[in-house]
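So the structure is just underneath, and the comments pick up after that.
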Amino acid sequence: MNPRSRSYLRDARDNGTLILNSVAQRTLADYESDVRLRHQVEREFMIIGEALDRLDRLEPELAARITDFRGYIGLRNVLNHGYSDVDHPTMWRTIEIELPILIREIDGLLAEV
């Protein structure tokens, strides 16, 4: 694995972990009412999407081993360009359901040496 690929994977994993830690013990209602939390989470998702986009350009076969990596890239684009279209319940489902999967998959890839 290219050292830059490893760095991109760590960036995605670390920002995903930050999101999960930030929303621990929180509810969708908390998320919807806390603009600072939403901005933090959105920024971290933008970093995840950018890291996965760079990984895809550098090692597409590695990126393809991550479930729905293109979805995270698309989310980054929505957050960058269509921020007024962000649906909070969809973001919350992504955090609760998809993000733990992403982190587990990345940890598995990083464990491969």
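The values are calculated or read from the model by the stated rules, or taken from the named source; none is laboratory data. As the structure is a computational prediction, the values presented were derived from the model and not from experiment. Neighbour counts run over all protein chains shown; Cβ positions are idealised from the backbone, glycine included.
Only residues in region 24-50 that are in contact (Cβ under 8 Å) with a residue 12 or more places away in the chain count as the first member; pair them with residues that are of a type in the set (S, T, N, Q) and assigned to a helix (DSSP H, G or I), Cβ under 7 angstrom, at least 6 apart or cross-chain, and list the lot.
37/22; 40/22; 41/22; 44/15; 46/80; 47/15; 48/15
Going by what's in this entry, would residue 9 be described as under 21 Å from residue 87 (Cβ atoms), modelled with pLDDT of 95 or more and not aromatic (Phe, Trp, Tyr)?
no
Condition first: in a loop (DSSP other than H, G, I, E, B) and surrounded by 14 or more Cβ atoms within 10 Å (Cβ to Cβ). Now tell me which residues in region 66-82 satisfy that.
66, 68
Collect the residues in region 12-62 that are outside any helix (DSSP H, G or I) and among the hydroxyl-bearing types (Ser, Thr, Tyr), keeping them in residue-number order.
Residue satisfying the conditions is 27 alone.
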